[in-house]
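One structure below.
A short reminder: the numbers here are calculations on the coordinates, not readings from a lab. Quantities reported herein were computed from a predicted structural model and do not represent experimental measurements. Neighbour counts are summed over all protein chains in view; Cβ atoms, including those assigned to glycine, are modelled from backbone coordinates with ideal geometry.
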Amino acid sequence: MRDIVFSGIQPSGTLHLGNYLGALCNWAELQDKYNCLFCVVDLHAITANKYSSIKDNVLKTVATYLACGIDPKKSAIFNQSTVPHHAELCWLLSCYTPLGWLSRMTQFKSKAGNDKSKASLGLYSYPVLMAADILLYKAKYIPVGDDQRQHIELTRDIANVFNSHYQISYFIPPEALILQDSARIMSLKDGLKKMSKSDDSDYSRINLDDDSDAIAEKIKKAKTDSTIGFEFSLLQGRPEVYNLINIYSALSNISVEKTCQKIDKYDTKNFKKELADLIITRLNPIRNKINDLLQDKSYLYSIMKSGAERAQEISSKNIKDVKEIIGFPQI
């Protein structure tokens, strides 16, 4: 029996190049090796109370999953809110999670801002929901970027404290599946910040539905520096240039060092032109596929319905087990 892999992305806006290179193209490669569950985590999307078009965003996210190679015949694709066991297990696990663990989570500190008293309970406790997402399916591997290790460690801690409390080895402490060729793509405006759907500037990211003109314009205006050349040994001190070279490297499937050798004689203008052409060539088929899929919403709903049914085959049994372990009467 194949090990279970679980992962998900919030439907909080159009997915971008960072989502593609850091997650989606790698997810597609996992499908033939693992039993994959790829969720659209719409419950997480409301923690900041910013997103009013959740339904449209969910459909667009599902279309993007499909356009990037996620095969509904191989993997379960579903939105989180249609499987109520996620929220139910979140509550149960929250009763075993110390507040001190949540207070140390760095993402809450960054998202809550200076006035943490105004942040929602959902934003504070969402790492428990993330743990519930994973433990609900007893997933063994979670494909994440290196910056997400803290969430996996918290999930392992919650699994272990539950197991210890009931002196049982029920939950499998999951392992982070850090994909070595997974590119960490940064903002086009600030090479020290990750590319993000929530950034105020649309010029900070390449959206997967951007047309050719938009991509060319964004790369043209992407921040660089005044240093001439692309010396590999100097890239660590040039974050914006390093980011553009990293994008080129990931899309070309060659190392950053070899990319520097390839573009050694280029000036910044010529490099940006070639990079824009490369992105356009890679993303145009994805954009076209997304647009085609969005014309048939009934098909997208059927994919989510089928995926939710497959997910609930696993989750319904596991939530029943958990409640029996805790001691709730089962009718």
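Results, tabulated for the structure shown:
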{"read-out": "For GLN31, residues with placed amide H under 5 Å, excluding near neighbours", "value": "none"}
{"read-out": "Expected 222 nm ellipticity per residue - DSSP helices of 4 or more, -39500 (n - 2.57), all of the chain, to 500", "value": "-15500 deg cm²/dmol"}
{"read-out": "Residue of LYS273, LYS262, LYS140 that the Gaussian network model of the chain assigns the largest fluctuation, springs spanning Cα pairs under 10 Å", "value": "LYS262"}
{"read-out": "³J(HN,Hα) computed for each position of segment 119-131 - Karplus, 6.51 cos²θ - 1.76 cosθ + 1.60, integer Hz, glycine/proline x", "value": "6, 6, 4, x, 5, 5, 9, 4, x, 6, 5, 4, 5"}
{"read-out": "Principal axis dimensions, largest first and in whole angstrom, of segment 209-292 by Cα", "value": "44, 24, 20"}
{"read-out": "Gaussian network model of the chain, springs between alpha carbon atoms under 10 Å - residue of THR106, THR82, THR61 with greatest fluctuation", "value": "THR106"}
{"read-out": "ILE326 paired with LYS221, simple spin-label distance in nm, labels 7 Å along Cα-to-beta-carbon", "value": "5.0"}
{"read-out": "Amide H contacts of LYS194 (H built 1.01 Å from N, under 5 Å, at least 5 apart or other chain)", "value": "SER187"}
{"read-out": "Fluctuation leader among ASP157, ASP211, ASP200 - the chain, Gaussian network, Cα springs under 10 angstrom", "value": "ASP200"}
{"read-out": "Percent of beta bridges antiparallel (DSSP, the chain, rounded to nearest 5)", "value": "10"}
{"read-out": "³J(HN,Hα) computed for each position of segment 313-321 - Karplus, 6.51 cos²θ - 1.76 cosθ + 1.60, integer Hz, glycine/proline x", "value": "4, 8, 5, 5, 5, 5, 5, 5, 4"}
